[in-house]
Amino acid sequence: DCQGLPANVCRSCDVSKDPASCLRCAKDARGQFSKKPVKYLINKGSKAQDACAVCAGLADATQKERCFECILDGKRCSTCVYGSRMWGYGKPDIAACLACSAKKGGRYVGACNACAQSSSPARCFACLDTQSLQICNTTQQPGRDGCNIGPNDQTPCDLCSNAAQSDDVFRQCLACHTDPNVQQECLDCGNIPTTAATQARCFACVKAARFPSFASTGCAACFSSWLMAGKTQSCLQCVESSTTPAAAKASCSSCVDATAARSQALQQKCFSCLKGTQVKDYSATCLDPSMRR
């Protein structure tokens, strides 16, 4: 009986896997609670009633009831429903997210949700059980209050699960993310669209480069498509070298930029300039037009 319910909610329940439980959820007084849409939506403008059909589609009876409870009571675990398409790296698994959040607690709901739609959920969920993650609760700010991951942000577990093309690279990626100075380089190495061996070489560079601050970069750029053919290794050696100042490492790839087409001699002159110079602007000093063929 759809009496008193919006037409769109009736249609959603009618085509759901369990229309009766969907309608009970939709008619529950708690489901009428909000005129304001929730923050993370399964569809634009979604409210609790709109999520009833999603919960009704779960096969396990216990998970289904938990799902109804999450959305009707506005609990943190409702993110598993409303945010099920939030990241979209893999097919969302709401039941797995709910099970994870019940096991790990409210602070981990965002992390569970990210794992549930990652490209390798099993690896990601296992990671949540073994990694020490500093996840903020909803009243804390990342970077303060002793935490560095927002309550609905991605974590190294799902970032590395989505990116790594082998289990060995996955472990390298996790190790990379333990250093707050190289977060961007970790992401960039993981996003190199090539082989596991290439990703592994990039993560090895990050470790060897010993970047002193989050603003330091250089490794991932050595794998860019705009480099001269066969020059990745010389670029990496420049970044990894202990004699290359941290501020100069980001310019190593520019020495072998294909558009500049420097001769071999000028490539070496460029690398030597980066390694032997302490200046504010490495681009102006070592990469100016006079340093071309």
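A few points about this structure:
- Boolean, ASN137 is at pLDDT below 95, within 20 Å of the chain's Cα centre (by Cα), assigned to a helix (DSSP H, G or I) and farther than 30 Å from TYR282 by Cα: no
- Test: residue in the range 27-45 that is at pLDDT 85 or above and either of a type in the set (Phe, Trp, Tyr) or in a helix (DSSP H, G or I) (or both): yes
- Of everything in the range 146-203 that is of a type in the set (Val, Ile, Thr), open to solvent by 10 Å² or more (accessible area, probe 1.4 Å) and out of contact with any strand residue (DSSP E or B) (no Cβ under 7 Å at 6 or more places or on another chain), the residue that is modelled with the highest pLDDT is THR198.
- Residue tally, condition closer than 21 Å to THR244 by Cα, part of a loop (DSSP other than H, G, I, E, B) and not charged (D, E, K, R), over the range 172-220: 9
- Of the candidates CYS97, CYS112, CYS124, the single residue that is farther than 21 Å from THR62 by Cα and in a helix (DSSP H, G or I) is CYS124.
- Any hit, the range 215-226, residues being within 18 Å of the chain's Cα centre (by Cα), under 26 Å from ALA122 (Cβ atoms) and open to solvent by less than 50 Å² (accessible area, probe 1.4 Å): no
The values are calculated or read from the model by the stated rules, or taken from the named source; none is laboratory data. In this text, all values refer to a predicted model and were calculated from it rather than measured experimentally. As a convention, Cβ positions derive from the backbone with ideal geometry for all residues, glycine included, and neighbour counts pool all protein chains shown. To get the accessible areas, we keep the full protein, side chains included, count just its heavy atoms, and leave off ligands, DNA and RNA. Shrake-Rupley method; radii C 1.70, N 1.55, O 1.52, S 1.80 Å.
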